[in-house]
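The values are calculated or read from the model by the stated rules, or taken from the named source; none is laboratory data. The structure presented is a predicted model; accordingly, all values stated were derived computationally and were not measured. Because the Cβ atoms are built from the backbone with ideal geometry, glycine has one as well, and the counts that use them run over all protein chains shown.
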Amino acid sequence: MFSFESYELVVVIVLTRLLEAVAIVISIFLAFKGYKLRYVVATASIVFLSILTNLVGLVFRDYFSYIASVNFIITALILSGLVFYVIKNPEKTKNFTPPKEARCPVCNVLIIREDELCTAKIGNYTYFFDTCDHLIQLLKEPDFFVKRGNIFKGNLEEVYVKTIDTGRWSFGRTT
């Protein structure tokens, strides 16, 4: 029948599969909650390497119980380290959808379409511009718009521009 070692092997294999299922759930959770893609890819890579290690263990049947045990321990340590890192450094992707009441600080018009949208982070505030020309105009004369009360005084930290031809966001950072 089964020996004591084979029961241990079954337990290790089941625990490894449960850990891989948890890693897949974590990967899906991170993807849907808007975390950066590198966290999702790292979690998926952990699952892939765990499965690959178990397949290598099948080739070396004499050492399969040792390989499965080490695989479970290493996968659990790496996955828990990744989860701890994500909890400590929750980097989410930027959400560039303007709020419903967002107005361009230059022309004070409501922003409805997002074809050519520009955003700028000045101080602690994020401003949305309906055209990039308005962003350039603000960058040329920031004191004028501060005096008018359209923006708050602060340093320009980040600029994001959505191009018309590709529809992608370009990132610019000032120091």
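Tell me, please, whether a residue that is at pLDDT below 90 and in contact with a Leu (Cβ under 6 Å, 6 or more places away or on another chain) can be found in segment 15-22. No, the conditions are met nowhere in segment 15-22.
Pairs are defined by a Cβ separation below 6 Å, a sequence spacing of at least 6 or placement on different chains, a first member in segment 137-156 that is within 15 Å of R103 (Cβ to Cβ), and a second member that is surrounded by fewer than 16 Cβ atoms within 10 Å (Cβ to Cβ) and not hydroxyl-bearing (S, T, Y); the pairs so defined are F152/G123.
Scanning segment 125-164 for residues that are under 17 Å from I111 (Cα atoms) and part of a loop (DSSP other than H, G, I, E, B) returns D130, T131, N150, I151, T163, I164. The lone criterion from (1) over 30 Å from T97 (Cβ atoms); (2) crowded, with 17+ Cβ neighbours inside 10 Å; (3) free of Cβ contacts under 8 Å to residues at least 40 places away in the same chain left unmet by V12 is number (3). When E116, E101 are checked against the criterion of being assigned by TED's automatic domain parsing to the domain that holds Y160, free of Cβ contacts under 8 Å to residues at least 12 places away in the same chain and outside any strand (DSSP E or B), E101 stands alone in meeting it.
Limited to segment 119-138, what total is found for residues that are of a type outside the set (D, E) and either loosely packed, with under 14 Cβ neighbours inside 10 Å or in contact with a Lys or Arg (Cβ under 7 Å, 6 or more places away or on another chain) (or both)? Give the derivation first.
Residues of segment 119-138 that are of a type outside the set (D, E), as a first pass: 119-129, 131-132, 134-138.
Subsequent filtering for residues that are either loosely packed, with under 14 Cβ neighbours inside 10 Å or in contact with a Lys or Arg (Cβ under 7 Å, 6 or more places away or on another chain) (or both) retains 123-125, 136.
Total satisfying the criteria: 4.
Selection of segment 97-118 for residues being loosely packed, with under 13 Cβ neighbours inside 10 Å and aliphatic (A, V, I, L, M) yields V109, L110, I112.
Conditions (1) assigned by TED's automatic domain parsing to the domain that holds F32; (2) modelled with pLDDT under 80; (3) among the acidic types (D, E), marked per residue:
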position	(1), (2), (3)
L52	yes, no, no
F60	yes, no, no
I78	yes, no, no
C107	no, no, no
I112	no, yes, no
H134	no, no, no
N155	no, yes, no
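Looking at segment 15-36, which of the residues that are without any contact (Cβ under 8 Å) to a residue 24 or more places away in the chain and of a type outside the set (V, I, T) is farthest from A76 (Cα to Cα)? Checked segment 15-36; the qualifying residue farthest from A76 (Cα to Cα) is F32.
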